[in-house]
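Okay, structure first, notes after.
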Amino acid sequence: MAVGDSGFTVAIELFEVVADQLRVGRGSPFTVRDEQGKLLLAVGSVVSGESQLSMLRQRALYVEVDEQAAASDDEPGRRRTVFERWQQAPKALDRLLGSLKQPGFAARCEALADELIALVSRDPDIAIYHVVRQDSAQLIRYGLHHSLHCALLAQLAATRAGWSALRTRQLVQAALTMNLGIVDVQGLYARLGRLNSAQRERIKAHPEVAFNKLREAGVDDAEWLQAVLQHHERTGGGGYPENIAKPADMAQALRMIDVFVSKVSARAVRPALPVQTAAKQLFASYPQHPLATAIIKEFGIVPPGHYVQLASGELAIVVRRGATAVTPLAAAVTDERGQPVLSTQLRNTAEPGFALRSTTPADKHLPHLQRVPAERLYGLVS
């Protein structure tokens, strides 16, 4: 089936569904379209009442085949875990960015932003864990992961800084779409560590390209668009694409989030910068900025995902922030002799016997320790 609009045609394979898969008061598990491919209900959008549901039931409804397959993977009545939802997030963002020329892009982006905000709010520690403990085997998808990590940090930092729900969502939407024209280039650079001249030109032009493509897609939110256009501008000048001296506040916020997440993300040719080092550099660059302070406070000294050595001799991975910056909860992945354990044990580092002895970079540990499933660390599987 093809979706046509203003002279362009996008091929899209659809699968007919029944309205019984929709429920009043619940978000749609997929993007619902009519037989012509026109958007009826964005993924995550809530069916507001019986009248809307009745209207939908009177029509032939279709969803994209891959969305139907993803939704069908869930057992009836089973709520997906936080980790399952994070695992599906890159694909959801990829679908969103791939639908840029289809009608209703702005509404779909808003729905994905709202879903992401809800996911981060459901468990902020697990959200931070995903930024700190990135999968080195997924570097080719670095661009998608980077945008998602920037978006989740935007939600956490803006909320802590007291931003309104509207401005927070605008910042999240800007983070999701700021690099929409270079996702593939980001993956190549993360994996290979080099770019050719054409790819470098795409990097230089990407803020303006994203700005123009978003406007063409029907986005008319001035704050969102301005943040995307100016997110590589620098206060005082020296940035791009326009070398302006005073970028918008939201653009400045997006820039600091973008830079911070880049620094704590490993590439094939360099390790991730320690969170504490990235935080110090952020503070040095923005000593009085409320959002910079919020980012630093959200991550703290030993954020979820960080390796720590305990007074017991055990090696552990932080899973929860604690009452103070130096008393997190951690899951022990070795015994006191440094031998890997089959079942992780939760340790409260506020207790003297399990106090933090030191923090330690992840790359100093054996590969089999780095592959401990996150679900096991959080006690979701044995």
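The values are calculated or read from the model by the stated rules, or taken from the named source; none is laboratory data. Just so it is clear, the structure is predicted and the values come from calculations on it, not from any experiment. Please note: Cβ atoms are built from the backbone with ideal geometry, for glycine as well, and neighbour counts cover all protein chains shown.
Would you confirm whether any residue within the stretch 141-151 is in the same structural domain as L93 (by TED's automatic domain parsing), out of contact with any helix residue (DSSP H, G or I) (no Cβ under 7 Å at 6 or more places or on another chain) and part of a helix (DSSP H, G or I)? Checked the stretch 141-151: no residue is in the same structural domain as L93 (by TED's automatic domain parsing), out of contact with any helix residue (DSSP H, G or I) (no Cβ under 7 Å at 6 or more places or on another chain) and part of a helix (DSSP H, G or I). Only one of the listed residues (G187, G181) is assigned by TED's automatic domain parsing to the domain that holds H206, part of a loop (DSSP other than H, G, I, E, B) and over 16 Å from I257 (Cα atoms). That residue is G181.
Here V269 clears all of (1) at pLDDT 90 or above; (2) in contact with a helix residue (DSSP H, G or I) (Cβ under 9 Å, 6 or more places away or on another chain) except the condition numbered (1).
Here R320 fulfils each of the conditions (1) in the same structural domain as A248 (by TED's automatic domain parsing); (2) of a type in the set (D, E, K, R); (3) modelled with pLDDT of 95 or more apart from (1). If we scan the stretch 165-175, do we find a residue that is of a type in the set (K, R) and free of Cβ contacts under 8 Å to residues at least 40 places away in the same chain? No: the stretch 165-175 contains no residue that is of a type in the set (K, R) and free of Cβ contacts under 8 Å to residues at least 40 places away in the same chain. So, N179, is that one of a type in the set (S, T, N, Q) and closer than 22 Å to K101 by Cβ or not? Judged against the criteria, N179 is a match. Of everything listed in (1) without any contact (Cβ under 8 Å) to a residue 40 or more places away in the chain; (2) under 16 Å from L254 (Cβ atoms); (3) more than 13 Å from the chain's Cα centre (by Cα), the single unmet condition for Q155 is (3). Mind checking whether some residue in the stretch 109-119 is touching a Pro at 6+ places or on another chain (Cβ under 8 Å), part of a helix (DSSP H, G or I) and more than 14 Å from A174 (Cα to Cα)? Taking every residue of the stretch 109-119 in turn, none turns out to be touching a Pro at 6+ places or on another chain (Cβ under 8 Å), part of a helix (DSSP H, G or I) and more than 14 Å from A174 (Cα to Cα). Taking L282, is it of a type outside the set (S, T, N, Q) and at pLDDT 95 or above? Yes, satisfied. The residue list V228, V219 contains one member that is part of a loop (DSSP other than H, G, I, E, B), crowded, with 20+ Cβ neighbours inside 10 Å and modelled with pLDDT of 95 or more, which is V219. The set of residues in the stretch 94-107 being surrounded by 20 or more Cβ atoms within 10 Å (Cβ to Cβ), more than 16 Å from the chain's Cα centre (by Cα) and part of a helix (DSSP H, G or I) consists of F105 alone. Of the residues screened, D125 is one that is touching a strand residue (DSSP E or B) at 6+ places or on another chain (Cβ under 7 Å), under 25 Å from R321 (Cβ atoms) and either among the acidic types (D, E) or at pLDDT 70 or above (or both).
When the residues of the stretch 314-327 are filtered to those that are assigned to a strand (DSSP E or B) and touching a residue at least 60 places away in the same chain (Cβ under 8 Å), the one that is surrounded by the fewest Cβ atoms within 10 Å (Cβ to Cβ) is R320.
For every residue, the table says whether it meets (1) crowded, with 17+ Cβ neighbours inside 10 Å; (2) within 25 Å of H146 (Cα to Cα); (3) at pLDDT below 95; (4) among the hydroxyl-bearing types (S, T, Y).
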| site | (1), (2), (3), (4) |
| --- | --- |
| I295 | yes, yes, no, no |
| P303 | yes, yes, no, no |
| A311 | no, no, no, no |
| L329 | yes, no, no, no |
| R337 | no, no, yes, no |
| V341 | no, no, yes, no |
| T344 | yes, no, yes, yes |
| G353 | no, no, no, no |
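Please determine whether any residue of the stretch 256-276 is polar (S, T, N, Q), in a loop (DSSP other than H, G, I, E, B) and in contact (Cβ under 8 Å) with a residue 60 or more places away in the chain. Looking through the stretch 256-276, at least one residue is polar (S, T, N, Q), in a loop (DSSP other than H, G, I, E, B) and in contact (Cβ under 8 Å) with a residue 60 or more places away in the chain. Scanning the stretch 278-300 for residues that are in contact (Cβ under 8 Å) with a residue 12 or more places away in the chain, part of a helix (DSSP H, G or I) and not aliphatic (A, V, I, L, M) gives Q281, F283, S285, P290, T293, K297, E298, F299.
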